[in-house]
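Colleague: Right, I'll just put the structure down here and ask away after.
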Amino acid sequence: MMILYGFLSIYILWLFFLAVMNLQGARDSGKLTGAAYCIGLPLLYLGLVIDFLVNVFPVTVLFLELPREGTVTSRLSRHIHDSDGWRKTLATWFCKNLLDPFDPSGCHCK
């Protein structure tokens, strides 16, 4: 049951990521209206809380280490740049398949 909660929480975080990246793309292109900004801002803050909780609990189990960072992206970036082995492979997979394609910049895990 705990594994199901872990996958579900990571999936919910990804959904929030997709929504926030869509808002960022609209902002970057000058199409984000004031109403969309006001409605989207709580989504950003709730997403940050979820990001922290997912990083502390399910991602800690996934990477078999305590977090040194406050967000999942920071942890993934650290592993991509400073790790070797399976942690780097796993972090790279998450970034290339689930994050980078949906970030307006094209590279979320810098």
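The values are calculated or read from the model by the stated rules, or taken from the named source; none is laboratory data. Keep in mind the model is a prediction, meaning the values are calculated, not measured. Counting neighbours? That spans all protein chains shown, and the Cβs are built from the backbone with ideal geometry, glycine included.
Colleague: Out of (1) exposed (fewer than 13 other Cβ atoms within 10 Å of the Cβ); (2) of a type outside the set (D, E); (3) part of a helix (DSSP H, G or I), the odd one out for G30 is which?
Modeller: So the condition that G30 fails would be (3).
Colleague: Quick one: which of L62, L4, L53, L66 is more than 14 Å from the chain's Cα centre (by Cα), over 19 Å from D103 (Cβ atoms) and in contact (Cβ under 8 Å) with a residue 24 or more places away in the chain? Let's see the steps before the verdict.
Modeller: Numbers: L4 fails: in contact (Cβ under 8 Å) with a residue 24 or more places away in the chain; L53 fails: more than 14 Å from the chain's Cα centre (by Cα); L66 fails: in contact (Cβ under 8 Å) with a residue 24 or more places away in the chain.
Going through L62, L4, L53, L66 in turn, the sole match is L62.
Colleague: Regarding the range 83-94, can at least one residue be identified that is in contact with a helix residue (DSSP H, G or I) (Cβ under 6 Å, 6 or more places away or on another chain), surrounded by 13 or more Cβ atoms within 10 Å (Cβ to Cβ), among the aromatic types (F, W, Y) and touching a residue at least 12 places away in the same chain (Cβ under 8 Å)? Spell out the reasoning first.
Modeller: First pass over the range 83-94, keeping only residues in contact with a helix residue (DSSP H, G or I) (Cβ under 6 Å, 6 or more places away or on another chain): 87-88, 91-92, 94.
Filter again for surrounded by 13 or more Cβ atoms within 10 Å (Cβ to Cβ), leaving 87-88, 91-92, 94.
Keeping just the survivors that are among the aromatic types (F, W, Y) gives 94.
If we keep only those that are touching a residue at least 12 places away in the same chain (Cβ under 8 Å) as well, we get 94.
Yes; the residues of the range 83-94 include at least one that is in contact with a helix residue (DSSP H, G or I) (Cβ under 6 Å, 6 or more places away or on another chain), surrounded by 13 or more Cβ atoms within 10 Å (Cβ to Cβ), among the aromatic types (F, W, Y) and touching a residue at least 12 places away in the same chain (Cβ under 8 Å).
Colleague: Of everything in the range 80-110, what is more than 16 Å from L13 (Cα to Cα) and either of a type in the set (A, V, I, L, M) or touching a Ser or Thr at 6+ places or on another chain (Cβ under 8 Å) (or both)? Give them in sequence order.
Modeller: I80, L90, K110
Colleague: Looking only at residues in the range 76-86 that are over 16 Å from the mean Cα position of the chain (by Cα) and either of a type in the set (A, V, I, L, M) or assigned to a loop (DSSP other than H, G, I, E, B) (or both), which one is modelled with the highest pLDDT?
Modeller: Step one: filter the range 76-86 for residues over 16 Å from the mean Cα position of the chain (by Cα), giving 81-86.
When the remaining residues are screened for being either of a type in the set (A, V, I, L, M) or assigned to a loop (DSSP other than H, G, I, E, B) (or both), the result is 83-85.
Details: S83: 92, D84: 93, G85: 97.
Among those that are over 16 Å from the mean Cα position of the chain (by Cα) and either of a type in the set (A, V, I, L, M) or assigned to a loop (DSSP other than H, G, I, E, B) (or both), it is G85.
Colleague: Out of T73, T60, T89, report the one residue that is touching a His at 6+ places or on another chain (Cβ under 7 Å), of a type in the set (S, T, Y) and assigned to a helix (DSSP H, G or I).
Modeller: Numbers: T60 fails: touching a His at 6+ places or on another chain (Cβ under 7 Å); T89 fails: touching a His at 6+ places or on another chain (Cβ under 7 Å).
Step by step, each of T73, T60, T89 is checked, and only T73 is touching a His at 6+ places or on another chain (Cβ under 7 Å), of a type in the set (S, T, Y) and assigned to a helix (DSSP H, G or I).
Colleague: Checking S9 against (1) among the hydroxyl-bearing types (S, T, Y); (2) loosely packed, with under 13 Cβ neighbours inside 10 Å; (3) in contact (Cβ under 8 Å) with a residue 12 or more places away in the chain: exactly one of these is not met. Which one?
Modeller: Exception for S9: condition (2).
Colleague: Let me ask another. Which one is nearest to G25 (Cα to Cα), of the residues in the range 92-110 that are in a loop (DSSP other than H, G, I, E, B) and not hydrophobic (A, V, I, L, M, F, W, C)? Steps first, answer last, please.
Modeller: Residues of the range 92-110 that are in a loop (DSSP other than H, G, I, E, B), as a first pass: 103-110.
Then keep just the ones that are not hydrophobic (A, V, I, L, M, F, W, C); that gives 103-106, 108, 110.
Values: D103: 8, P104: 6, S105: 9, G106: 11, H108: 13, K110: 18 Å.
Among those that are in a loop (DSSP other than H, G, I, E, B) and not hydrophobic (A, V, I, L, M, F, W, C), it is P104.
Colleague: With respect to L99, is the statement that it is at pLDDT 95 or above, in contact with a helix residue (DSSP H, G or I) (Cβ under 8 Å, 6 or more places away or on another chain) and loosely packed, with under 13 Cβ neighbours inside 10 Å true?
Modeller: No.
Colleague: In the range 33-57, which residues are loosely packed, with under 14 Cβ neighbours inside 10 Å and not in a helix (DSSP H, G or I)?
Modeller: T33
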